[in-house]
Each structure stands twice: as C-alpha cells, then as structure tokens.
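What follows is a short report on a single structure.
The values are calculated or read from the model by the stated rules, or taken from the named source; none is laboratory data. Every value quoted in this text rests on a predicted model; they were computed, and no experiment measured them. Glycine gets a Cβ as well: all are built from the backbone with ideal geometry, and neighbour counts include every protein chain shown.
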Amino acid sequence: MQDDELAPRAGWPLGVNNLASETALPVAENGAPLAVREARNVDFDVAGKPQRRDGYTIAVPGSRVHSAWGDAAWPWGLFVTDDTLTALHPDERTEPLVEGLATGWPVAYERLNDAVLWSNGVQSGLIGLDLDAMPWACPTPDRAPHIVVESGGALVAGHYQLAMTFLDARGRESGASSAVAVEVPANSRLQLSQLPQPLDPLRVPRIRVYLSSGADGVFRVAATVPTGVSDLVLGEPASGRVLETLHLRPLPAGQGVCVHNGRQFVARGAEVWFSPPLRYGLTHPGRDRVGFAGRVDLIAPVADGGDGAGLFVADAKRTYFLAGSSPTEWRQVIAYPVGAIPGALIRLSGEVWNLPTKAPLPVWIARNGRVCVGLPGGQVHTPQPREGGPDALLDAAARGALLYRDHGGKQQLIATLRDAQPQALALRDRAITRVYRHDDP
C-alpha cells in the first residue's frame, strides 16, 4: 500500500475488541469501524484516537531484575536483581538490602505501618523505614534454662511452670519457649542458669522470663533482663503481665502476604495462614490456617476495619470471598467462577472505576482475561475499556504484574504477562480448510 492510499481516521472510540470476529467488529451507522482487533505499541485517548506509545530508556541497570514494588506514600521502592533484594531511592540510587534470595522466585510485598513485609515463598522478612532488614518475627528461644530449686525465697508451695521469650529492637515479643514444670516447696526460690541467648544480640536486646503461679497456673512476667545475662534468681511470685505468645511461632514464608484488620495473612501453598490480632509475624501452627483445593494465587483484603470486610482468595479454579472481620467469623462464598493470574494484583481507589468510594480496592486479572475489582461484601466488578463491552480479554498467563499510570491525560492499567497465551474464548483470525475425500480406484 502506498502512502497516498492511506486514509485519515478520527479514531476507534471502542478501543480494542478481541472477542468479535474480524468480519464482525462493531461499526458506526456509516459503516466506519468503531474498534480494532489488535494494537501494538499504540495508546488510545478517550475518543479512541491512536498515538504511538512512548519509548523507554534504562534508568537503573540490573541482572535478571524482577519483583519491582513501590508506593506513592513511601520514600523508596524495592526490586530484586540477581539474588539481592534492593532499594531504589528517588534519585535512582540503589542500595542492596538482603542477599541470597532464591534465584528467580517472585517476591510479594505488603506495607505494615512503618515497614514493608516481603516473601518469595521460601524466604521472608521485614524492611523498616530506615531500610533495616529484619525477620517477620522475633526469633523464639530454642530451649528453657537450667533450673535448681533452693530454699530462702518467698515462693509458696506448688506446681510451677517456666517459659521464656525474646524481645527485639522493634519491641516485638517472640513466641514462648516450651514450658518446663517444677515442684516447689514453701519458702523457696528458683536459681536459673544457662539462659538461652539470641543469635543476634544487637537486634534482640532483651530476654523475658515468665512463671506460672502455684494457684491459677497463669504465666506472668517474673523478670526482664538484658541479652547476655545467663544466671537469674526468682525468689518472688510473678506479678507482671500475662504471657500472650504461648504456643506461637513465626509465620512461614509464602507466595503472598497481606495485612487486614490487625492480622497478617500469608498464602503458603494451598493454605492461608494468619496471625493473632496485633501479633504480626506470629501464628499458632495447629490452629491459625485455612486450606483450599489448590495453590492460592491471590490473597487480597477489602474494607479494612469497615462494613463488608473480608478477604478475596483465589486458587486455580475459583475466587472466594471470606466474609468477616475475623477468621473466627469467616463465611466462605464463591465471588467469581474462575481463579486469578498469580502476581497480577494492585490496589486502586474506587474513583478510578467511577465507583462511589475513594477507598483502595483490590484489582486483579482473572484467568479468563477479565480485569476484576473486588468490592466490600465480596462483589466483583468487571470494568471494560469502553462502553458497549464486554469486548476485550487479556491473555492467559503463568504469572503477571499490574501497574496503574496516570500520565499525559491518559489513565492506563498496564499488565505484563509471563508465558502469555491467547484466551480460548477470544476469537482470532481463522483459516478454513476443506478436505475432499476420493474413493480409492
């Protein structure tokens, strides 16, 4: 085709339509097509006028870069290059934070107050606002101290139990060590020796000892000492705060992590693990988890602390809504009949979709190619790029990522997909073959 054969176009107001046959795209009254089947490196404005997409340049060099994360209210971003979790500063300066990550494993992130939680399924951690890297939870003492019962104290006769915890520099208390029991006669004291010590005393500066009373068996604080103290005498009944981390252990790493209504949730394999209220990073392994039919590809909260609160969870077949503010109140319903593409999740204000809320809502790509917006109460909104839809599907993929861009008068939801394949329901160009069969002579 020669240049003088090209005809000017006002645009395609319905944008991309990859569902209709190439001979059945929507047209105006004058027969002009209103949509295109495919557009590569092209953006459309609100009137459907095409514009060549801007190019790009390298801002920060890296090797096998993946798992980029950022937040408009956060002073730095995160990404992985090779096996290193790296911070990206506003001036494009980079800073290595955690080395030795499993190569190629995608990382999930979640903000928690003044820190960011991260996990890649086999490793996990927390990055503070000062870029200090720490575990999700304070490590648990691996044993109890050696105990000798001596006379000369104020303990009443009875059956006592002793347990210990660590406290880290952020003020977080660990799960408790296994309790040890001891029979104590009247007017005795306990001589403790060989107190367990944390591996990193700078990050874990205190040790706390709990002792149950002979009367009610409740663990209460008996002493708090600096790390490094190895011997201690308990001669008085414990009268401090009650132990709240008995039987708790650090949450395991998972392929997804989120925070909702004062709890931390982790998608690990085909299960969702969670913490007790305000005990981020800890869990009760025998109690605090829920199983699903397949690997959990999506975990997304909505309406934190409000009406319609709950958690969207997707496996390979379906997307569920766990309704309720607490796992003890959850009511599981099917929110959407298909699952979600792993990693293709972002949170956007409801105003982006002309919904009557400014609250952030989870947005993901379903396995059928639809963009889904999770609403309070478990409803799923499936917006389309133009009025007159549904008219477009994204490709199926093994994994994805989403980015929202508001630039130059255009609002764009940009998806990157790994191992993308056309949706089975989306119509593509066709070839018709006729086979003529002749009888053998």
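Under the condition of being of a type outside the set (Lys, Arg) and over 21 Å from Tyr280 (Cα atoms), the residues counted in segment 164-198 number 18. Within segment 303-319, being in a loop (DSSP other than H, G, I, E, B) and either in contact (Cβ under 8 Å) with a residue 40 or more places away in the chain or crowded, with 24+ Cβ neighbours inside 10 Å (or both) holds for Ala303, Asp304, Gly305, Gly306, Asp307, Gly308, Ala309, Asp315, Ala316.
Taken residue by residue, segment 324-339 has at least one member that is modelled with pLDDT of 95 or more, among the aliphatic types (A, V, I, L, M), in a strand (DSSP E or B) and in contact with a helix residue (DSSP H, G or I) (Cβ under 7 Å, 6 or more places away or on another chain). Per the listing Ala293, Ala300, the residue uniquely at pLDDT 95 or above, within 30 Å of Ala420 (Cα to Cα) and either in a loop (DSSP other than H, G, I, E, B) or hydrophobic (A, V, I, L, M, F, W, C) (or both) is Ala300. Exactly one residue out of Leu25, Leu34, Leu14 is more than 33 Å from the chain's Cα centre (by Cα), at pLDDT 85 or above and within 22 Å of Leu413 (Cβ to Cβ), and it is Leu34. Residues in segment 392-409 that are small (Gly, Ala, Ser) and more than 21 Å from the chain's Cα centre (by Cα) were compared, and the one that is surrounded by the fewest Cβ atoms within 10 Å (Cβ to Cβ) is Gly409. Quick check on segment 238-246. Is at least one of its residues of a type outside the set (A, V, I, L, M) and within 15 Å of Ser178 (Cα to Cα)? So far as segment 238-246 goes, yes, one or more of its residues are of a type outside the set (A, V, I, L, M) and within 15 Å of Ser178 (Cα to Cα). Regarding segment 260-270, can at least one residue be identified that is among the polar types (S, T, N, Q), under 30 Å from Pro342 (Cα atoms) and touching a residue at least 40 places away in the same chain (Cβ under 8 Å)? Yes, some residue in segment 260-270 is among the polar types (S, T, N, Q), under 30 Å from Pro342 (Cα atoms) and touching a residue at least 40 places away in the same chain (Cβ under 8 Å). Taking the listed residues Val16, Val27, the one that is buried (at least 17 other Cβ atoms within 10 Å of the Cβ) and in contact with a Pro (Cβ under 8 Å, 6 or more places away or on another chain) is Val16, with no other qualifying.
Filtering segment 44-88 to residues that are over 30 Å from Gln123 (Cα atoms) and in a loop (DSSP other than H, G, I, E, B) leaves Asp45, Val46, Ala47, Gly48, Lys49, Arg53, Asp54, Gly55, Tyr56, Thr57. Taking strands (runs of 3 or more DSSP E) as the structural unit, those lying wholly within segment 121-199 and holding at least 1 residues that are buried (at least 16 other Cβ atoms within 10 Å of the Cβ), on the phi < 0 side of the Ramachandran plot and under 32 Å from the mean Cα position of the chain (by Cα) correspond to 124-128, 158-167. Looking at segment 381-437, which of its residues are modelled with pLDDT of 85 or more and of a type in the set (Val, Ile, Thr)? Answer for segment 381-437, where residues must be modelled with pLDDT of 85 or more and of a type in the set (Val, Ile, Thr): Thr382, Ile414, Thr416. Among residues that are at pLDDT 95 or above and within 12 Å of the chain's Cα centre (by Cα), Ala314 is not included.
When Val373 is tested against the conditions (1) part of a loop (DSSP other than H, G, I, E, B); (2) crowded, with 19+ Cβ neighbours inside 10 Å; (3) touching a strand residue (DSSP E or B) at 6+ places or on another chain (Cβ under 6 Å), the lone failure is (1). The set of residues in segment 39-70 being farther than 30 Å from Arg111 by Cβ, surrounded by 13 or more Cβ atoms within 10 Å (Cβ to Cβ) and of a type in the set (Gly, Ala, Ser) consists of Ala39, Gly48.
When the residues of segment 42-93 are narrowed to those that are under 27 Å from Gly15 (Cβ atoms) and among the aromatic types (Phe, Trp, Tyr), which ends up farthest from the chain's Cα centre (by Cα)? This residue is Phe44. Scanning segment 203-227 for residues that are farther than 19 Å from Pro250 by Cβ and surrounded by fewer than 16 Cβ atoms within 10 Å (Cβ to Cβ) yields Ala215, Asp216, Gly217, Val218, Thr224, Val225, Pro226. Report, by residue number, each residue of segment 239-287 that is buried (at least 19 other Cβ atoms within 10 Å of the Cβ), among the aliphatic types (A, V, I, L, M) and part of a loop (DSSP other than H, G, I, E, B). Within segment 239-287, Leu243, Leu248, Leu251, Ala253 qualify.
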